[in-house]
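One structure below.
The values are calculated or read from the model by the stated rules, or taken from the named source; none is laboratory data. Just so you know, these numbers come straight off a predicted model, no measurement behind them. Glycine gets a Cβ as well: all are built from the backbone with ideal geometry, and neighbour counts include every protein chain shown.
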Amino acid sequence: MSSVLLKPAAHPAAPSPGPAPAPESKTIRIGPRAHIPRRRFALAKPVPGGILLGPALLLLGWVIGAWANWIDPRVLPAPWTVAQTFWQLASDGRLESNFTTSAVRAGEGLAFGTVAGVVVALLSGLTRTGEYLLDGLVQVKRAVPVLALIPLLVMWLGIGEPMKVAIIAISVFIPIYMQLHFALRGIEARYIELACVLRLNYLQFLRWIVLPGALAGFLLGLRLAVAAAWIALVVVEQINATSGIGYMISLAGTYGQTDVIIAGLVVYAILGLTAEVLVRLLAKALLPWQRTFAG
């Protein structure tokens, strides 16, 4: 009896649902018609005089407080009283003489401290031997407050101008060295490899790699150094000084002349703000390619 193989009946084919819908594409088109989302962040576009907004608001609050009698004139004289004191100090020559003395002290200390900081930072940042010999000494000095050195410098240099300029120079030296040394050590290895590929000599390496890479760090150190110079100036002009804005403030404190004290502090503030603006302009001129976050 022959066997017959029966094949199961084929079920009718179900209708094809068609191709599955492709998921929504979230790719971004690139081209002249591409949609550019609204920027959430902005690059810095400095407004001329923008740094003066804070001091201007402070002055406005001072004027309003004095005009409304919210501020006791024995504690803080009115702005017009301080302006009148300014005029009197300028008329009898005291303001000009003391201002010149303070500016010369600060300038000399800033110059000596900057040169010393740059030289030591280059020796320590560009050579391993220099770092081993110098960086530890600078870190030890950094741990010792400058004010703690005043008695020792008085014994060594006396109480004259050399001691005052030395204190300012030491105060300036630390921020210059720290920022420049950090910038030198922070130069990326790829730029050093590029210099090797291009077969640059040492002077070309310094000119095209080291200087542009460390310039931003140096300018930041200079900004900190300028502030340190003015702080040190205030301190040294309280130590057996016979001239300078600090001497004028100290003498006014002896006689209870609050308006003269405020006038001297305003001079310090103007000098510090002017120096900060000049350093910023210098940074803008030397780093035209640098664009920063503006918030």
Selection from segment 104-148 of residues that are within 30 Å of Gly246 (Cα to Cα), surrounded by 15 or more Cβ atoms within 10 Å (Cβ to Cβ) and over 20 Å from the mean Cα position of the chain (by Cα)
Arg105, Glu108, Val138, Val146
Criterion (small (Gly, Ala, Ser), modelled with pLDDT of 90 or more and under 22 Å from Gly186 (Cβ atoms)) met by exactly one of Gly221, Gly213:
Gly221
If you go through Ser97, Ser25, the only one that is at pLDDT below 60, among the hydroxyl-bearing types (Ser, Thr, Tyr) and more than 27 Å from Gln179 (Cβ to Cβ) is Ser25
Before we move on, is Gly50 among the small types (Gly, Ala, Ser) and either on the phi > 0 side of the Ramachandran plot or at pLDDT below 85 (or both)?
yes
Test set (1) at pLDDT below 85; (2) in contact with a Phe, Trp or Tyr (Cβ under 8 Å, 6 or more places away or on another chain); (3) not aromatic (Phe, Trp, Tyr) - Ala189 fails condition number
(2)
Hey, any hits in segment 107-115 for a residue that's assigned to a helix (DSSP H, G or I) and touching a Phe, Trp or Tyr at 6+ places or on another chain (Cβ under 7 Å)?
yes
List the residue pairs whose Cβ atoms are under 6 Å apart, where the first residue sits in segment 91-103 and is under 17 Å from Ser250 (Cα atoms), the second is of a type in the set (Gly, Ala, Ser), and the two are 6 or more positions apart or on different chains.
Asn98/Ser243; Asn98/Gly244; Thr101/Ser243; Thr101/Gly244; Ser102/Gly244
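What do you reckon, is Ala183 in a helix (DSSP H, G or I) and touching a Pro at 6+ places or on another chain (Cβ under 9 Å)? Don't jump to the end; show me each part of the working.
Working: in a helix (DSSP H, G or I): yes; touching a Pro at 6+ places or on another chain (Cβ under 9 Å): no.
For Ala183, the condition - in a helix (DSSP H, G or I) and touching a Pro at 6+ places or on another chain (Cβ under 9 Å) - is not met.
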Could you grab the pairs with beta carbons closer than 8 Å, sequence gap of 6+ or different chains, first residue in segment 123-146 and under 19 Å from Ala214 (Cα atoms), second one charged (D, E, K, R)?
Ser124/Glu131; Ser124/Asp135; Gly125/Glu131; Gly125/Arg185
Residue match in segment 228-243 (condition: of a type outside the set (D, E, K, R), assigned to a helix (DSSP H, G or I) and without any contact (Cβ under 8 Å) to a residue 24 or more places away in the chain)
no
